[in-house]
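Here the structure is laid out as C-alpha coordinates; the discussion comes afterwards.
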Amino acid sequence: MLIYNADVKHWFTGGISRSVGKRVCVPGLNCYSCPGAIASCPLGALQNTLAGGRLPFFMTGFLLLTGTLVGRMVCAFFCPFGLLQDLLYKIPAKKLRRTAASRRLARKLSIAKYIILALLCIVLPLVFYFKDGQGRPFFCSWFCPSGTIFAGIPLVLLNERLRESIGWLFTWKTAVALVIACCSIVIFRPFCRFFCPLGAIYSFFNRYAIFGIHLDKEKCTNCGACTASCKMDVLRVNDRECIRCGECKKRCHCGALT
(Lines give C-alpha, C1' and ligand atoms only; values in the text may rest on other atoms or scores of the structure.)
Protein backbone atom coordinates (compact mmCIF):
# COMPACT_ATOMS: atom_id res chain seq x y z
CA MET A 1 0.00 0.00 0.00
CA LEU A 2 2.91 2.37 0.75
CA ILE A 3 4.42 1.67 -2.68
CA TYR A 4 1.10 2.43 -4.37
CA ASN A 5 0.85 5.75 -2.49
CA ALA A 6 4.46 6.88 -2.42
CA ASP A 7 3.92 10.61 -3.11
CA VAL A 8 4.24 11.37 0.61
CA LYS A 9 3.99 15.17 0.46
CA HIS A 10 0.31 14.97 -0.55
CA TRP A 11 -0.65 12.81 2.43
CA PHE A 12 -0.84 15.89 4.65
CA THR A 13 -1.86 18.70 2.29
CA GLY A 14 -5.35 17.73 1.17
CA GLY A 15 -4.23 17.71 -2.45
CA ILE A 16 -4.08 14.92 -5.03
CA SER A 17 -0.81 13.73 -6.50
CA ARG A 18 -0.36 14.54 -10.21
CA SER A 19 2.36 11.95 -10.73
CA VAL A 20 3.13 11.08 -14.34
CA GLY A 21 2.87 7.46 -13.25
CA LYS A 22 -0.90 7.80 -13.26
CA ARG A 23 -0.78 7.02 -16.95
CA VAL A 24 -0.23 3.41 -15.91
CA CYS A 25 -2.05 1.16 -13.44
CA VAL A 26 -1.24 -0.82 -10.34
CA PRO A 27 -2.71 -4.37 -10.20
CA GLY A 28 -4.95 -3.86 -7.16
CA LEU A 29 -7.83 -1.57 -6.25
CA ASN A 30 -6.23 1.80 -5.46
CA CYS A 31 -8.10 5.04 -6.15
CA TYR A 32 -6.60 7.55 -8.60
CA SER A 33 -7.66 10.24 -6.13
CA CYS A 34 -5.82 8.80 -3.12
CA PRO A 35 -3.68 11.80 -2.07
CA GLY A 36 -0.35 10.01 -2.56
CA ALA A 37 -1.34 7.67 -5.41
CA ILE A 38 1.42 7.46 -8.02
CA ALA A 39 -0.57 5.32 -10.48
CA SER A 40 -4.16 4.48 -11.38
CA CYS A 41 -6.68 1.81 -10.50
CA PRO A 42 -7.32 -0.58 -13.41
CA LEU A 43 -11.04 -0.62 -12.64
CA GLY A 44 -11.31 3.17 -12.63
CA ALA A 45 -9.28 3.42 -15.83
CA LEU A 46 -11.53 0.85 -17.51
CA GLN A 47 -14.69 2.77 -16.60
CA ASN A 48 -13.29 6.16 -17.60
CA THR A 49 -12.11 4.84 -20.95
CA LEU A 50 -15.53 3.37 -21.74
CA ALA A 51 -17.30 6.49 -20.40
CA GLY A 52 -15.29 8.59 -22.86
CA GLY A 53 -16.37 6.40 -25.78
CA ARG A 54 -12.93 4.88 -26.32
CA LEU A 55 -12.04 1.21 -26.61
CA PRO A 56 -9.97 0.15 -23.55
CA PHE A 57 -7.06 -1.42 -25.45
CA PHE A 58 -4.45 -0.60 -22.80
CA MET A 59 -6.64 -1.73 -19.91
CA THR A 60 -7.66 -4.93 -21.65
CA GLY A 61 -4.01 -5.76 -22.28
CA PHE A 62 -3.02 -4.89 -18.72
CA LEU A 63 -5.76 -7.04 -17.20
CA LEU A 64 -4.98 -9.91 -19.57
CA LEU A 65 -1.29 -9.78 -18.64
CA THR A 66 -1.87 -9.53 -14.90
CA GLY A 67 -4.59 -12.15 -14.89
CA THR A 68 -2.55 -14.56 -16.98
CA LEU A 69 0.42 -14.22 -14.65
CA VAL A 70 -1.21 -14.40 -11.20
CA GLY A 71 -5.04 -14.46 -11.42
CA ARG A 72 -6.65 -13.55 -8.11
CA MET A 73 -3.33 -13.64 -6.30
CA VAL A 74 -3.62 -9.87 -6.79
CA CYS A 75 -6.41 -9.88 -4.19
CA ALA A 76 -4.24 -11.56 -1.57
CA PHE A 77 -0.93 -9.74 -2.06
CA PHE A 78 -1.33 -6.57 -4.17
CA CYS A 79 -4.61 -4.92 -3.11
CA PRO A 80 -4.62 -2.20 -0.42
CA PHE A 81 -8.31 -2.70 0.32
CA GLY A 82 -7.74 -6.42 0.71
CA LEU A 83 -5.08 -5.59 3.31
CA LEU A 84 -7.50 -3.33 5.17
CA GLN A 85 -10.12 -6.08 5.30
CA ASP A 86 -7.52 -8.56 6.60
CA LEU A 87 -6.56 -6.14 9.38
CA LEU A 88 -10.18 -5.50 10.33
CA TYR A 89 -10.86 -9.24 10.51
CA LYS A 90 -8.03 -9.57 13.05
CA ILE A 91 -9.96 -7.37 15.50
CA PRO A 92 -11.07 -9.59 18.42
CA ALA A 93 -14.80 -10.06 17.90
CA LYS A 94 -17.25 -12.91 17.51
CA LYS A 95 -17.01 -13.98 13.86
CA LEU A 96 -19.94 -15.06 11.75
CA ARG A 97 -20.18 -18.82 12.14
CA ARG A 98 -19.32 -20.78 9.01
CA THR A 99 -21.64 -23.69 8.30
CA ALA A 100 -22.42 -25.76 5.22
CA ALA A 101 -25.51 -23.63 4.64
CA SER A 102 -23.63 -20.34 5.05
CA ARG A 103 -20.95 -21.52 2.63
CA ARG A 104 -23.57 -22.37 0.01
CA LEU A 105 -25.18 -18.97 0.52
CA ALA A 106 -21.80 -17.23 0.22
CA ARG A 107 -21.15 -18.94 -3.11
CA LYS A 108 -24.51 -17.73 -4.42
CA LEU A 109 -23.92 -14.18 -3.18
CA SER A 110 -20.47 -14.13 -4.78
CA ILE A 111 -22.22 -13.89 -8.16
CA ALA A 112 -23.12 -10.28 -7.25
CA LYS A 113 -19.64 -9.02 -8.14
CA TYR A 114 -20.08 -10.21 -11.74
CA ILE A 115 -23.38 -8.33 -11.97
CA ILE A 116 -21.71 -5.20 -10.56
CA LEU A 117 -18.88 -5.58 -13.09
CA ALA A 118 -21.26 -5.87 -16.01
CA LEU A 119 -23.74 -3.20 -14.93
CA LEU A 120 -21.77 -0.45 -13.14
CA CYS A 121 -18.40 -0.83 -14.85
CA ILE A 122 -19.34 -1.61 -18.45
CA VAL A 123 -23.01 -1.20 -19.36
CA LEU A 124 -23.92 2.07 -17.61
CA PRO A 125 -20.77 4.00 -18.66
CA LEU A 126 -21.46 2.99 -22.26
CA VAL A 127 -25.20 3.68 -22.09
CA PHE A 128 -24.67 7.20 -20.77
CA TYR A 129 -21.92 7.83 -23.31
CA PHE A 130 -24.28 6.99 -26.18
CA LYS A 131 -27.09 8.93 -24.51
CA ASP A 132 -25.26 12.11 -23.42
CA GLY A 133 -21.92 11.95 -25.19
CA GLN A 134 -20.13 11.40 -21.90
CA GLY A 135 -20.57 8.58 -19.42
CA ARG A 136 -19.46 8.23 -15.81
CA PRO A 137 -17.40 5.72 -13.84
CA PHE A 138 -20.48 4.55 -11.94
CA PHE A 139 -18.79 2.04 -9.66
CA CYS A 140 -16.22 4.64 -8.56
CA SER A 141 -18.84 7.36 -8.23
CA TRP A 142 -21.51 5.44 -6.36
CA PHE A 143 -20.00 2.48 -4.60
CA CYS A 144 -16.22 1.99 -4.30
CA PRO A 145 -15.38 1.88 -0.56
CA SER A 146 -11.65 1.92 -1.27
CA GLY A 147 -11.91 5.33 -2.91
CA THR A 148 -14.04 6.63 -0.04
CA ILE A 149 -11.79 5.40 2.76
CA PHE A 150 -8.37 6.06 1.21
CA ALA A 151 -9.23 9.16 -0.84
CA GLY A 152 -12.62 10.76 -0.10
CA ILE A 153 -12.49 10.90 3.69
CA PRO A 154 -8.82 12.03 3.99
CA LEU A 155 -9.30 14.72 1.34
CA VAL A 156 -12.46 16.06 3.01
CA LEU A 157 -10.74 16.16 6.40
CA LEU A 158 -7.68 17.98 5.06
CA ASN A 159 -9.24 20.26 2.42
CA GLU A 160 -11.62 22.97 3.62
CA ARG A 161 -12.95 23.69 0.12
CA LEU A 162 -13.97 20.06 -0.28
CA ARG A 163 -15.70 20.06 3.11
CA GLU A 164 -17.88 22.93 1.97
CA SER A 165 -19.00 21.04 -1.14
CA ILE A 166 -19.90 17.63 0.28
CA GLY A 167 -23.47 16.49 -0.27
CA TRP A 168 -25.68 13.44 -0.14
CA LEU A 169 -23.45 11.39 -2.47
CA PHE A 170 -20.50 11.65 -0.07
CA THR A 171 -22.83 10.71 2.80
CA TRP A 172 -24.10 7.70 0.83
CA LYS A 173 -20.60 6.49 -0.08
CA THR A 174 -19.37 6.97 3.47
CA ALA A 175 -22.28 4.87 4.74
CA VAL A 176 -21.47 2.12 2.20
CA ALA A 177 -17.80 2.16 3.24
CA LEU A 178 -18.67 2.01 6.96
CA VAL A 179 -21.04 -0.92 6.44
CA ILE A 180 -18.40 -2.86 4.52
CA ALA A 181 -15.73 -1.99 7.09
CA CYS A 182 -17.96 -3.17 9.96
CA CYS A 183 -18.85 -6.37 8.09
CA SER A 184 -15.12 -7.02 7.57
CA ILE A 185 -14.71 -7.41 11.33
CA VAL A 186 -17.03 -10.43 11.46
CA ILE A 187 -16.92 -11.72 7.85
CA PHE A 188 -13.69 -12.51 6.04
CA ARG A 189 -13.16 -10.11 3.11
CA PRO A 190 -16.83 -9.40 2.30
CA PHE A 191 -15.97 -6.83 -0.37
CA CYS A 192 -13.59 -9.18 -2.19
CA ARG A 193 -16.04 -12.06 -2.07
CA PHE A 194 -19.32 -10.35 -2.94
CA PHE A 195 -18.75 -6.93 -4.50
CA CYS A 196 -15.34 -6.35 -6.11
CA PRO A 197 -15.51 -6.14 -9.93
CA LEU A 198 -11.72 -6.31 -10.20
CA GLY A 199 -11.72 -9.61 -8.33
CA ALA A 200 -14.42 -10.77 -10.73
CA ILE A 201 -12.19 -9.97 -13.71
CA TYR A 202 -9.16 -11.74 -12.27
CA SER A 203 -11.26 -14.78 -11.31
CA PHE A 204 -11.71 -15.60 -15.01
CA PHE A 205 -7.96 -16.33 -15.18
CA ASN A 206 -7.61 -18.42 -12.02
CA ARG A 207 -7.66 -21.79 -13.73
CA TYR A 208 -5.03 -20.80 -16.29
CA ALA A 209 -2.72 -18.34 -14.49
CA ILE A 210 0.99 -19.18 -14.55
CA PHE A 211 1.62 -18.52 -10.86
CA GLY A 212 -0.64 -19.91 -8.17
CA ILE A 213 -1.31 -23.06 -6.17
CA HIS A 214 -0.27 -26.30 -7.87
CA LEU A 215 -2.09 -29.52 -6.97
CA ASP A 216 -0.22 -32.80 -7.36
CA LYS A 217 -3.07 -35.22 -8.09
CA GLU A 218 -0.87 -38.23 -7.44
CA LYS A 219 -0.27 -37.14 -3.86
CA CYS A 220 -3.80 -35.84 -3.21
CA THR A 221 -6.04 -38.14 -1.15
CA ASN A 222 -9.19 -36.01 -1.64
CA CYS A 223 -9.52 -35.55 2.12
CA GLY A 224 -10.92 -32.03 1.65
CA ALA A 225 -8.77 -30.45 4.38
CA CYS A 226 -7.57 -27.73 2.00
CA THR A 227 -11.05 -26.39 1.22
CA ALA A 228 -12.81 -27.17 4.53
CA SER A 229 -11.05 -24.34 6.35
CA CYS A 230 -10.86 -21.86 3.44
CA LYS A 231 -12.29 -18.49 4.48
CA MET A 232 -13.04 -17.70 0.83
CA ASP A 233 -15.34 -20.76 0.68
CA VAL A 234 -13.66 -22.23 -2.38
CA LEU A 235 -15.01 -25.53 -3.69
CA ARG A 236 -11.61 -26.57 -5.03
CA VAL A 237 -8.11 -25.17 -5.18
CA ASN A 238 -7.78 -22.49 -7.89
CA ASP A 239 -11.52 -22.07 -8.44
CA ARG A 240 -12.93 -18.60 -9.10
CA GLU A 241 -12.95 -17.59 -5.42
CA CYS A 242 -9.39 -18.76 -4.67
CA ILE A 243 -7.04 -15.84 -3.96
CA ARG A 244 -3.92 -18.06 -3.74
CA CYS A 245 -3.21 -16.95 -0.16
CA GLY A 246 -1.45 -20.25 0.61
CA GLU A 247 -3.46 -21.17 3.71
CA CYS A 248 -4.55 -24.43 2.07
CA LYS A 249 -0.91 -25.48 1.72
CA LYS A 250 -0.56 -25.36 5.51
CA ARG A 251 -3.63 -27.58 5.92
CA CYS A 252 -2.55 -30.24 3.44
CA HIS A 253 -1.10 -33.23 5.32
CA CYS A 254 0.09 -35.12 2.25
CA GLY A 255 2.18 -32.41 0.59
CA ALA A 256 0.01 -32.25 -2.51
CA LEU A 257 -0.03 -28.46 -2.70
CA THR A 258 2.88 -26.24 -3.70
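Annotations for the structure displayed:
- Residues of the range 175-230 that are assigned to a loop (DSSP other than H, G, I, E, B), of a type in the set (D, E, K, R) and modelled with pLDDT of 95 or more: Arg189 alone.
- Hits in the range 234-256 - residues which are over 16 Å from Gly82 (Cα atoms), within 19 Å of the chain's Cα centre (by Cα) and either open to solvent by less than 20 Å² (accessible area, probe 1.4 Å) or among the hydrophobic types (A, V, I, L, M, F, W, C) (or both): Val234, Asp239
- Residue in the range 222-239 that is within 19 Å of Phe62 (Cα to Cα) and either of a type outside the set (Ser, Thr, Tyr) or in contact with a strand residue (DSSP E or B) (Cβ under 9 Å, 6 or more places away or on another chain) (or both) present: no
- Any hit, the range 9-29, residues being in a helix (DSSP H, G or I), among the aromatic types (Phe, Trp, Tyr) and open to solvent by less than 40 Å² (accessible area, probe 1.4 Å): no
- Residue that is nearest to the chain's Cα centre (by Cα), among those in the range 97-153 that are over 21 Å from Leu198 (Cβ atoms) and polar (S, T, N, Q): Ser102
- Residues that are within 13 Å of Gly212 (Cα to Cα) and among the aliphatic types (A, V, I, L, M) were ranked within the range 232-247; the one that is modelled with the highest pLDDT is Ile243.
- Considering the conditions (1) under 27 Å from Met232 (Cβ atoms); (2) acidic (Asp, Glu); (3) free of Cβ contacts under 8 Å to residues at least 40 places away in the same chain, Asp86 is excluded by exactly one of them, (3).
- Any hit, the range 48-71, residues being over 26 Å from Phe128 (Cβ atoms), in contact with a Leu (Cβ under 8 Å, 6 or more places away or on another chain) and not charged (D, E, K, R): no
- Criterion applied to Phe150, Phe130 was being within 30 Å of Leu55 (Cβ to Cβ), open to solvent by less than 50 Å² (accessible area, probe 1.4 Å) and in a helix (DSSP H, G or I), and the one residue passing it is Phe150.
- In the range 74-96 there is no residue matching the filter, namely being in contact with a strand residue (DSSP E or B) (Cβ under 9 Å, 6 or more places away or on another chain), open to solvent by 90 Å² or more (accessible area, probe 1.4 Å) and assigned to a helix (DSSP H, G or I).
- Subset of the range 98-127 that is more than 27 Å from Ile149 (Cα to Cα) and outside any helix (DSSP H, G or I) - its residue that is least open to solvent (accessible area, probe 1.4 Å): Thr99
- Subset of the range 54-72 [modelled with pLDDT under 95 and open to solvent by less than 40 Å² (accessible area, probe 1.4 Å)]: Pro56, Met59
- The one condition in (1) farther than 17 Å from Ala37 by Cβ; (2) assigned to a helix (DSSP H, G or I); (3) open to solvent by 60 Å² or more (accessible area, probe 1.4 Å) that Arg136 fails to fulfil: (2)
- Residue identified as in contact with a helix residue (DSSP H, G or I) (Cβ under 9 Å, 6 or more places away or on another chain), free of Cβ contacts under 8 Å to residues at least 24 places away in the same chain, charged (D, E, K, R) and part of a loop (DSSP other than H, G, I, E, B) among Arg236, Arg240, Arg244: Arg236
- Any hit, the range 182-191, residues being within 30 Å of Arg18 (Cα to Cα) and either among the aromatic types (Phe, Trp, Tyr) or buried (at least 18 other Cβ atoms within 10 Å of the Cβ) (or both): yes
The values are calculated or read from the model by the stated rules, or taken from the named source; none is laboratory data. Remember, it's a predicted structure, so these values are computed and weren't measured experimentally. Glycine also receives a Cβ, built like all others from the backbone with ideal geometry; neighbour counts cover every protein chain displayed. Surface areas here come from the heavy atoms of the whole protein model, side chains and all, with no ligands, DNA or RNA. Shrake-Rupley method; radii C 1.70, N 1.55, O 1.52, S 1.80 Å.
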